[in-house]
Amino acid sequence: MTIADGNTRLRYRDIGAMPPAPVTGAWIHAAFTPAERREPWMNEVLKESDELVDELLSADIIVAGVPMYNFGPPAQFKAYIDNIVRVGRTFGFDRSRSGAPYWPLVDSGKRLVILSSRGDYGYGPGEHAAGQNHVESSVKTAFAYIGITDVHGAAVEFDEFADQRLKDSIAQAEIAVDGLAKKLLVRSESLQNVDAYSSTAVQ
C-alpha cells in the first residue's frame, strides 16, 4: 500500500501477512548470474526480490516492525532480508578485489528504525537477557552489510504477562517513538519516501 502526501510517500508492506518467498538454489543461481546472461526463468525467479530492492533503494527511512520469535526475528522477516541482500544490487562481490571481496552498494544516508516486541523482559542492552536477543543485532548486521548503518529503535516487553508492566512498557515505547519521529523528521527536511515493513505480532 502506498500513500502520497505532498513531498512524502509512505509505502506499507505487511511481511507477516504476505511474506516474500524464501531463497532457493534457483534464486541463488539466478542472482549470481550476470544480468546480461540471465535466462527468462531467472528474471522471473528474481522478480519479487527486484521489487523489494527497488522499494528499499527508493526509501529515505525504513521502519521495520520485527517481533521476537524464539530469540530472533520471524521467518517472514528473515525471508525479506534474504531477498534484499542481493549481489550486484545491494552489495558488490569480486573475488579478485584486494581485501574483502564484498562491499555495500546502498546509499549510507538511509536510516533504519527497528520497532520490536518481546514476550518476556530484560532483553535490552546491559540487561540480564541481552545475550539472548538476536533480533536487533541480526537485523543491524544484515542492513550494515549492504550499507545502512544509521539505526534507531524502540521495543515493547512483558507481552506474555499482560499486566501493568506491559501497559507501562507500551507507554514508554510510544514516548520513545514520538521522540524518535521528531528527531528523524528534523533531519529530513526534504523527506520523500518512508517505507514501513511489518511482521506479525508476538503470539
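The values are calculated or read from the model by the stated rules, or taken from the named source; none is laboratory data. None of these values were measured; they are calculated from a predicted model. FYI the Cβ positions are ideal-geometry reconstructions off the backbone, even for glycines, and counts take in every protein chain you see.
The figures follow:
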read-out: Strands (runs of 3 or more DSSP E) wholly inside the range 84-191 containing at least 3 residues that are more than 30 Å from T33 (Cα to Cα) and among the aliphatic types (A, V, I, L, M); value: 111-117, 150-156
read-out: Residue within the range 50-60 that is of a type outside the set (A, V, I, L, M, F, W, C), closer than 27 Å to G109 by Cα and in contact with a Phe, Trp or Tyr (Cβ under 8 Å, 6 or more places away or on another chain) present; value: no
read-out: Flag if D120 is of a type in the set (D, E), in contact (Cβ under 8 Å) with a residue 24 or more places away in the chain and either buried (at least 20 other Cβ atoms within 10 Å of the Cβ) or farther than 23 Å from L184 by Cα (or both); value: yes
read-out: Selected residue (criterion: nearest to the chain's Cα centre (by Cα)) from residues of the range 54-65 that are closer than 29 Å to R118 by Cβ and among the aliphatic types (A, V, I, L, M); value: A64
read-out: Residues of the range 14-35 satisfying the condition of being free of Cβ contacts under 8 Å to residues at least 60 places away in the same chain, in contact with a Leu (Cβ under 9 Å, 6 or more places away or on another chain) and assigned to a loop (DSSP other than H, G, I, E, B); value: none
read-out: Residue that is farthest from F93 (Cα to Cα) [pool: residues in the range 23-78 that are in contact with a helix residue (DSSP H, G or I) (Cβ under 9 Å, 6 or more places away or on another chain) and hydroxyl-bearing (S, T, Y)]; value: Y69
read-out: Top-ranked residue in the range 157-180 [being of a type in the set (A, V, I, L, M, F, W, C) and in contact with a strand residue (DSSP E or B) (Cβ under 6 Å, 6 or more places away or on another chain); ranked as surrounded by the most Cβ atoms within 10 Å (Cβ to Cβ)]; value: A173
read-out: Residue match in the range 127-137 (condition: touching a helix residue (DSSP H, G or I) at 6+ places or on another chain (Cβ under 8 Å) and at pLDDT 95 or above); value: no
read-out: Of all residues in the range 30-41 being over 24 Å from the mean Cα position of the chain (by Cα) and surrounded by 14 or more Cβ atoms within 10 Å (Cβ to Cβ), the one that is farthest from D82 (Cα to Cα); value: R38
read-out: Condition met for A154 (closer than 30 Å to T90 by Cβ and either within 17 Å of the chain's Cα centre (by Cα) or surrounded by 13 or more Cβ atoms within 10 Å (Cβ to Cβ) (or both)); value: yes
read-out: Inter-residue pairs, beta-carbon under 7 Å, first over 14 Å from V139 (Cα atoms) and without any contact (Cβ under 8 Å) to a residue 60 or more places away in the chain and in the range 43-69, second buried (at least 19 other Cβ atoms within 10 Å of the Cβ) and of a type in the set (S, T, N, Q), 6+ apart; value: E48/N83; S49/N83; L52/N83; V53/T90
read-out: Test: residue in the range 36-52 that is within 30 Å of G119 (Cα to Cα) and not in a loop (DSSP other than H, G, I, E, B); value: yes
read-out: Test result for G65, surrounded by 15 or more Cβ atoms within 10 Å (Cβ to Cβ), of a type in the set (G, A, S) and in contact with a Leu (Cβ under 6 Å, 6 or more places away or on another chain); value: yes
